[in-house]
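The values are calculated or read from the model by the stated rules, or taken from the named source; none is laboratory data. Note that the coordinates shown come from a computational prediction; the quantities given were computed from them, not determined experimentally. In this analysis, Cβ positions are derived from the backbone assuming ideal geometry, glycine residues included, and neighbour counts consider all displayed protein chains.
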Amino acid sequence: MRYATTAFSVQPLHDLLLEVRDHYSEDNYHQVQVDTTREYEQILQVFPYSSEALEKAPLPRRFPFSLMVPKVYSQVKEFIHSCLRFSDGLNLSQSERDDMLRRSTNVLLTRTLAGCLTTLVRRPGLSLLQLIQVTINTIYLEQASVYLEDVITELTGYNPKQEGGVHSRLQGRSMFKDVRAETEQQIYMQLQTKIDEFLSLAAYDWLLAESDGTASPYLVDLIYFLNSTFTAFTNLPAKVAQTACMSACQHIARGLLAVLLGEEVKQLSLGALQQLNLDVIQCEQFAASEPVAGFEEGALQMCFADLRQLLDLVLEWDWTTYFQEYGTGDGRYGRVSPARAAVIVEKLREADKRNMFSVLKKAERDRKKLQETVLRQLRQLAGKEL
């Protein structure tokens, strides 16, 4: 095209790109709140957003996106206007001018803005709530990218239907989708990291004589954190919120099971198992409370099924049922492998060895014999599975 060989200064456009980057970097990640009707209308003048519910809501009103969204959108529009002003002296046809604006805007979106967003979401210091807000921001920027195409059409006056040509589409939507996919992965990873921090605070007394009847403080704090966090997921796509919630429950269940079965725990009392059982009940109640909408009934509780069945089996000492139903596929303890069960029984046996005087009591001697019998059968079954 003719404009491709024309020399011109790109410094003004370069400065504008830096300004776009700076506007994103200075974002405070707080939803835009307006206290007056005038402030509300000022946002709508800058950014094409429509919500009947927000329109009818009493003041102060809160937009779902942060201030970065209208700022970046207005800067991209200014970039388009700057490109148009540059093209005035190039003697371009309407179609050439339209094509130049679209190509230039695509470069801005897919290189400069995409690079800024990608760098942002990979920033180590970005919090979970900030990542959530970034994800929400990209949703509204993606939705607004169609209006940028309308802006270009209005500025150039080029109608491909009348001229027999075609528009090259802006690539903003696909770019925002890619950035959002990476941001969502960061959300899932950071959520699991936060859960690990809470689990690291667990201080179980694995030789506890008897539970005090309440859930562990660290677990109560973890559930409070999750409830607060998932409240902030309200404006996220349902699939993202559900994936985060499901992965959080699965991660907690795996973490608790790993601690229980881990080699660090050499001895285990029934009192300690009762305490862990109270914590798992707390987790199950959280899962049943529907912290995120859209799950089938019982779906989240299933995350804790392996742990629940293992605890029920050992606490109720229901080995008769276990061995009778083993291998049927639909038994009450169908998710309990013999190898896992054997680990728990071995740890219980090791804890009983600490009390040297208990072996003098007939009940304790009978219990020890039963432990040995159960352990032998479990090892036999575990050997067949190998």
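Matching residues to (1) over 24 Å from THR135 (Cα atoms); (2) among the hydroxyl-bearing types (Ser, Thr, Tyr); (3) part of a helix (DSSP H, G or I):
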{"position": "LEU191", "(1), (2), (3)": "no, no, yes"}
{"position": "ALA202", "(1), (2), (3)": "yes, no, no"}
{"position": "LEU207", "(1), (2), (3)": "yes, no, no"}
{"position": "CYS245", "(1), (2), (3)": "no, no, yes"}
{"position": "CYS249", "(1), (2), (3)": "no, no, yes"}
{"position": "ARG254", "(1), (2), (3)": "yes, no, yes"}
Worksheet item: Would a scan of region 80-97 turn up a residue that is assigned by TED's automatic domain parsing to the domain that holds GLU149, within 31 Å of the chain's Cα centre (by Cα) and either closer than 22 Å to VAL146 by Cα or loosely packed, with under 15 Cβ neighbours inside 10 Å (or both)?
Response: no
Fill in: Residue check for LEU126: in a loop (DSSP other than H, G, I, E, B) and either closer than 20 Å to VAL179 by Cβ or outside the structural domain of VAL240 (by TED's automatic domain parsing) (or both)
yes
Worksheet item: Filter region 256-293 for residues that are outside any helix (DSSP H, G or I) and of a type in the set (Asp, Glu); which is farthest from LEU348 (Cα to Cα)?
Response: GLU290
Worksheet, complete the sentence: Going through region 42-95 in order, the residues found to be more than 22 Å from ASN235 (Cα to Cα), touching a helix residue (DSSP H, G or I) at 6+ places or on another chain (Cβ under 7 Å) and among the charged types (D, E, K, R) are LYS77, GLU78
Response to the item:
Residue set THR118, THR138, THR112; condition in contact (Cβ under 8 Å) with a residue 12 or more places away in the chain and touching a Leu at 6+ places or on another chain (Cβ under 6 Å); output residue THR112
Item to complete: Have a look at ALA272, ALA293, ALA288 and point out the one that is aliphatic (A, V, I, L, M), modelled with pLDDT of 95 or more and farther than 18 Å from ALA209 by Cβ.
Response: ALA288
Practice prompt. Identify all residues within region 352-386 that are among the hydrophobic types (A, V, I, L, M, F, W, C) and at pLDDT below 70; write none if there are none.
Written response: MET356, PHE357, VAL359, LEU360, ALA363, LEU386
Worksheet item: What number of residues in region 324-340 are more than 18 Å from LEU260 (Cα to Cα) and not in a helix (DSSP H, G or I)?
Response: 8
Worksheet item: Going through region 56-95 one residue at a time, which ones are farther than 15 Å from GLU41 by Cα and in a loop (DSSP other than H, G, I, E, B)?
Response: ASN91, LEU92, SER93
Worksheet item: If you check TYR140 against the conditions, is it of a type in the set (Phe, Trp, Tyr) and either touching a strand residue (DSSP E or B) at 6+ places or on another chain (Cβ under 9 Å) or surrounded by 15 or more Cβ atoms within 10 Å (Cβ to Cβ) (or both)?
Response: yes
Item to complete: Collect the residues in region 180-223 that are free of Cβ contacts under 8 Å to residues at least 24 places away in the same chain and touching a Phe, Trp or Tyr at 6+ places or on another chain (Cβ under 7 Å), keeping them in residue-number order.
Response: LEU201, TYR218, ASP221
Worksheet item: Among (1) at pLDDT 90 or above; (2) in the same structural domain as GLN282 (by TED's automatic domain parsing); (3) surrounded by fewer than 17 Cβ atoms within 10 Å (Cβ to Cβ), where does THR193 come up short?
Response: (2)
Discussion item. Test of understanding: among LEU226, LEU260, which residue is touching a Phe, Trp or Tyr at 6+ places or on another chain (Cβ under 8 Å) and touching a residue at least 24 places away in the same chain (Cβ under 8 Å)?
Written reply: LEU226
Practice prompt. Working carefully through the options HIS23, HIS30, find the one that is modelled with pLDDT under 90 and closer than 17 Å to LEU109 by Cβ.
Written response: HIS23
